[in-house]
Amino acid sequence: MKILVTVKRVVDYNVKIRVKPDGTGVELANVKMSMNPFDEISVEEALRLKEAGKAEEVVVVSVGPAKAEETLRTALAMGADRAILVETDDAVEPLAVAKIVKGVAEAEQPGLIIVGKQAIDDDSNQTGQMLSALLGWAQGTFASKVEIGDGKATVTREVDGGLQTIDIKLPAVVTTDLRLNEPRYASLPNIMKAKKKPLDKKTPADFGVDTTARLKVLKTEEPEGRKAGVKVKSVAELVSSLKTAGVL
């Protein structure tokens, strides 16, 4: 079985986000970028399934600018076998990404697609579900455990009420949650080897996908600073303060 994994280049989670002075978006110039944390978990899970003998090949795909090549090489250094870059400078929305990945899946014919449940830059949480619908495949979202066997995947999902376990028929789309695993670090020798590996480069046009944005961002602004708290001396004063604030 072949596993296809999607990865996205995002602002590193340790970086303090700054809004552009004109409010047109987030400042990306000279900002550290890295692989989306949920996608790191996806790559790790694919590699573990391969190491367990459940898959023969792990292919990673990214949709984004030329610099997304660095993100793909990180996945290759972790242990992925091949990488595909669908290069575009447009800000690609989830539906367009899902359509592109659908085209990649039709060409690669994977038995399983693993997608990070959301990207930390836009938090859309839509691509995996849209991809499943476009392909007509079963889906298991918010996975905290994945087991493969007998042509099916047993997925333990994190839901509001706790955990839910479902069986889905392969091929399928699985989206990963934070508690699925702990991603490995790429070793220095593997990082050096990954720099020399060839990438398969495509464009959205190769899959007949129009990446023109459907949504328009009117303004981006930072949230207001948190106001100082107030200490109260009694329960009665607390209740009174809550009523004054309109909470009660």
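Per-structure values
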| quantity | calculated |
| --- | --- |
| Condition broken by K50, with the remaining ones in (1) in contact with a helix residue (DSSP H, G or I) (Cβ under 9 Å, 6 or more places away or on another chain); (2) within 21 Å of V173 (Cβ to Cβ); (3) crowded, with 19+ Cβ neighbours inside 10 Å; (4) not aromatic (F, W, Y) satisfied | (1) |
| Index of the failed condition, L134 passing every other in (1) in contact with a Gly (Cβ under 9 Å, 6 or more places away or on another chain); (2) modelled with pLDDT of 95 or more; (3) surrounded by fewer than 22 Cβ atoms within 10 Å (Cβ to Cβ) | (1) |
| Complete set of residues in the stretch 55-101 that are without any contact (Cβ under 8 Å) to a residue 40 or more places away in the chain, surrounded by fewer than 23 Cβ atoms within 10 Å (Cβ to Cβ) and closer than 17 Å to D206 by Cβ | A66, D89 |
| Residue match in the stretch 169-180 (condition: loosely packed, with under 15 Cβ neighbours inside 10 Å, touching a residue at least 40 places away in the same chain (Cβ under 8 Å) and closer than 28 Å to G25 by Cβ) | yes |
| Lone qualifier among V15, V26, V7 - being in contact with a strand residue (DSSP E or B) (Cβ under 9 Å, 6 or more places away or on another chain), within 18 Å of K197 (Cβ to Cβ) and not polar (S, T, N, Q) | V7 |
| Where K227 falls short, out of the listed (1) closer than 22 Å to T127 by Cα; (2) in a loop (DSSP other than H, G, I, E, B); (3) at pLDDT below 95; (4) of a type outside the set (V, I, T) | (1) |
| Filter result (surrounded by fewer than 12 Cβ atoms within 10 Å (Cβ to Cβ) and among the hydrophobic types (A, V, I, L, M, F, W, C)) within the stretch 29-39 | A29 |
| Subset tally (residues that are hydroxyl-bearing (S, T, Y) and more than 30 Å from A107 (Cα to Cα)) for the stretch 2-23 | 1 |
| Any pair with Cβ under 9 angstrom, 6 or more apart, that starts in the stretch 200-211 at a residue that is more than 15 Å from G64 (Cβ to Cβ) and ends at one that is of a type in the set (K, R) and assigned to a helix (DSSP H, G or I) | G208/K99; D210/K99 |
| Subset of the stretch 145-168 that is touching a residue at least 24 places away in the same chain (Cβ under 8 Å) and touching an Asp or Glu at 6+ places or on another chain (Cβ under 8 Å) - its residue that is nearest to D123 (Cα to Cα) | V146 |
| Listing of strands (runs of 3 or more DSSP E) fully contained in the stretch 136-201 that carry 3 or more residues being over 22 Å from E56 (Cα atoms) | 138-149, 152-159, 162-169 |
| Any pair with Cβ under 9 angstrom, 6 or more apart, that starts in the stretch 233-246 at a residue that is at pLDDT 85 or above and ends at one that is not acidic (D, E) | L238/V232; V239/L248; S240/V232; S241/V230; S241/V232; S241/V247; L242/L248 |
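The values are calculated or read from the model by the stated rules, or taken from the named source; none is laboratory data. Model, not experiment: these values are computed from the prediction. All Cβ positions, glycine included, derive from the backbone under ideal geometry; neighbour counts span all protein chains shown.
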